[in-house]
């Protein structure tokens, strides 16, 4: 994915999150506090989508040769990168979700389904269900 595509995807995600928060009637002062978090979460989502596409075609274990006789297999570094991005994304989403909680600690399920983090496993399940 090209850098401009990442920016476009991040802006699209940011607008989606902001729209959902406005629909949830989050006060303007809370929206201002969450602004940086929303920007970062949107960027992480765009990068996760890019990495997810790479994960589909990559092997989990790859061979390596460090030279000097050091050869073997290791976990593909892209999986660690994805995991790191997903953790950061999830922390940001947790902060946003905490803002959405009402006095009882509940989140409107319509909002929850639209902006909750997705995993590669979610995508695999969706594809399997689509294929029947």
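The values are calculated or read from the model by the stated rules, or taken from the named source; none is laboratory data. The structure presented is a predicted model; accordingly, all values stated were derived computationally and were not measured. Virtual Cβ from ideal backbone geometry, glycine too; neighbours counted across all protein chains shown.
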*Confirm whether residue 98 is surrounded by 12 or more Cβ atoms within 10 Å (Cβ to Cβ), modelled with pLDDT under 90 and in a helix (DSSP H, G or I).*
no
*Scanning for something farther than 25 Å from residue 2 by Cβ, surrounded by 11 or more Cβ atoms within 10 Å (Cβ to Cβ), under 21 Å from the mean Cα position of the chain (by Cα) and in contact (Cβ under 8 Å) with a residue 12 or more places away in the chain, does the stretch 39-47 turn up at least one residue?*
no
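Condition check ((1) part of a helix (DSSP H, G or I); (2) at pLDDT below 90; (3) in contact with a strand residue (DSSP E or B) (Cβ under 6 Å, 6 or more places away or on another chain)) across all residues:
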| residue | (1), (2), (3) |
| --- | --- |
| 30 | yes, yes, no |
| 35 | yes, no, no |
| 49 | yes, no, no |
| 85 | yes, no, no |
| 106 | no, yes, no |
*Report yes if some residue within the stretch 22-30 is loosely packed, with under 15 Cβ neighbours inside 10 Å, in contact with a helix residue (DSSP H, G or I) (Cβ under 9 Å, 6 or more places away or on another chain), under 13 Å from residue 96 (Cα atoms) and in contact (Cβ under 8 Å) with a residue 40 or more places away in the chain; otherwise report no.*
yes
_Given the criterion under 21 Å from residue 100 (Cα atoms) and either in contact with a strand residue (DSSP E or B) (Cβ under 7 Å, 6 or more places away or on another chain) or part of a helix (DSSP H, G or I) (or both), identify the matching residue among 9, 42._
42
*Which of the residues spanning the stretch 53-77 are surrounded by 16 or more Cβ atoms within 10 Å (Cβ to Cβ) and part of a helix (DSSP H, G or I)?*
55
_Looking at the stretch 114-129, can you tell me whether even one residue there is closer than 21 Å to residue 8 by Cβ and modelled with pLDDT of 90 or more?_
no
